Each structure stands twice: as C-alpha cells, then as structure tokens.
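The values are calculated or read from the model by the stated rules, or taken from the named source; none is laboratory data. What you are looking at is a predicted structure, and each value in this text was computed from that prediction instead of being measured. Please note: Cβ atoms are built from the backbone with ideal geometry, for glycine as well, and neighbour counts cover all protein chains shown. We work out accessible area using only protein heavy atoms, side chains counted, and drop any ligands, DNA or RNA first. Shrake-Rupley method; radii C 1.70, N 1.55, O 1.52, S 1.80 Å.
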Amino acid sequence: MTYKRYAGWLFPLVLALALGGLSAWLDRISTVTVEEAALNPNEPQYAMEGISGSRFDRQGALQDRLDAEAAWQFPQSKEVVFRRPLLQVYAQGEKAYQVGSEEARYDTGSRKILFEKQVVLDKEAAAGKPAGRLATDSLSVDTVSKTAAAPGFVRFDYGQSHGTAEGMTYDYNQGLLRLPSRVKATVYEPKNP
C-alpha cells in the first residue's frame, strides 16, 4: 500500500527533475561564447581601394558623387579618411561644382568633408555666370548646406577676374563668395548688352 501512495507523486517528481536536468544540459551545450577582440586603434578597421559612391535625392536625381583612390576608417571613429578624393556636387541633375585634393576626412555624422593638401574647387558656369576656380591648402565642405570655407591663403579665378585672399567662405545656394581679408584682385566686369 505504501508503494501505491508514493507512486502517485514520485513519477511526476522524477519526470520534472529529468526534464530540468535535460534543459540545463541543453542550455549549456547550445550556448555560444563570443569573445570580442579589441581592435588596434592605430590600424584601420576598414580599408577600401578604388572607391566610388553616389547619393541621390528623393526624385532619383544625382546629388553628389565621391571617387577616391583609397579610403579607411579607424575603430571607434566616425571619420573616414580618403586618399586623392574627388567630390562632385549636382543641382537639378547638372554638375554645380567639384572639389579635389590629396587627402580628405569625412565625418559620417555631420556629413562634412575636410579637404587637405592641394585643394582645388571648380564651379561650373551656369545661368549666365562664369566658371570659377579656387585653390587652397585646406577646405571644409558641408554637403548638406552646400557651403565651403577655407581659413588660409586662397587663389581664385572667376571668369576673367582673378586674385588672392586670406580665407574665404562660399555659399552655393546664394552664389556668394566672401573674401574676408588681404584681398588682392583684378576684377573684370562683363559688359551688359
């Protein structure tokens, strides 16, 4: 009689213990241990050669295109470094201007590019306005607001006009070039018909 009394609750207890043990064993053998390897902060996390990238607006028109010989990004950095980049910016499907240099740094958060070493900005002729060219050692370009700024010495050509200045800002949307100091220029006023 004692055997029947214990058999009613012994079987569920043994089954629960066996299933609990099996569950613990399966959990242990199916757990994957992932160890993160610390990356060397002095070596690039990503490196690419011969790159080309384009960005389009909501209507599918080309907004800007960036080509470079090489690019790399270091661990835990929002900055991508480019060797010999060429940025081309478009407005209404037409090339508005392009900037090239020996080196550039692109901040993925702010979408600003700092061009360095032998920087040349070429503005296309458009809407009756002549083409322009600006050369400097350092130029910051904001691809969102389509503005550019150079803190140091700049050399410029605009149509037949040319000159030099210490620093400049350029706003493509307003078509406005500002030369804040030490400007030496020869300015040719186009004749109005």
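A simple count of charges around residue 169, restricted to other residues whose Cβ falls under 13 Å of its Cβ and scoring Lys, Arg +1 and Asp, Glu -1, yields -1.
If you build a Gaussian network model of the chain, linking Cα atoms that sit under 10 Å apart, which residue out of 45, 59, 92 swings the most? Of 45, 59, 92, the Gaussian network model singles out 59 as fluctuating most.
Largest first, how would 103, 49 line up by accessible area (1.4 Å probe)? Working shown, then result.
Numbers: 103 45, 49 155 Å².
My answer, sorted largest first, is 49, 103.
FRET efficiency for the pair residue 173 and residue 153, taken as 1/(1 + (r/R0)^6) with r the Cβ-Cβ distance and R0 = 30 Å, rounds to 0.75. Comparing 33, 147, 108 in a Gaussian network model of the chain (Cα springs below 10 Å), the most mobile by mean-square fluctuation is 33.
When a/c reaches 1.5 or more, the comparison of a/b and b/c decides; with that in mind, is the stretch 12-63 rounded, prolate or oblate per its Cα gyration tensor? Please report the intermediate quantities before stating the final value.
Numbers: a/c = 7.32, a/b = 2.38, b/c = 3.08.
Oblate shape, in that a/c is at least 1.5 and b/c is the bigger or equal ratio.
Between residue 76 and residue 16, the contour length at 0.36 nm per residue exceeds the alpha carbon distance by 16.7 nm.
Around the amide H of residue 70, modelled in the peptide plane, lie the amide H atoms of 50, 51, 83, all under 5 Å away and 5 or more residues distant in sequence or on another chain. On a per residue basis, the stretch 85-173 carries 48 Å² of accessible surface, using protein heavy atoms and a 1.4 Å probe. Mind checking the stretch 48-102 for trypsin sites (Lys or Arg not before Pro) that DSSP puts in a loop (not H, G, I, E or B) and that have at most 12 other Cβ atoms within 10 Å? Within the stretch 48-102, the qualifying trypsin sites (Lys or Arg not before Pro) (loop, at most 12 other Cβ atoms within 10 Å) are 58, 78. Report summary: the helix-based calculation at 222 nm, which adds -39500 (n - 2.57) for every DSSP H run with n ≥ 4 and divides by the residues of the chain, gives -5500 deg cm²/dmol. Here volume of the Cα convex hull per residue in Å³ was calculated from the structure, and among (1) 172; (2) 124; (3) 207 it sits at label (3). In this simple spin-label model, placing a label point 7 Å from the Cα along the Cα-to-Cβ direction at both residue 164 and residue 181 gives a separation of 1.6 nm.
Here the chain has 54 percent of its accessible surface on carbon and sulfur atoms, given a 1.4 Å probe and all protein chains in place.
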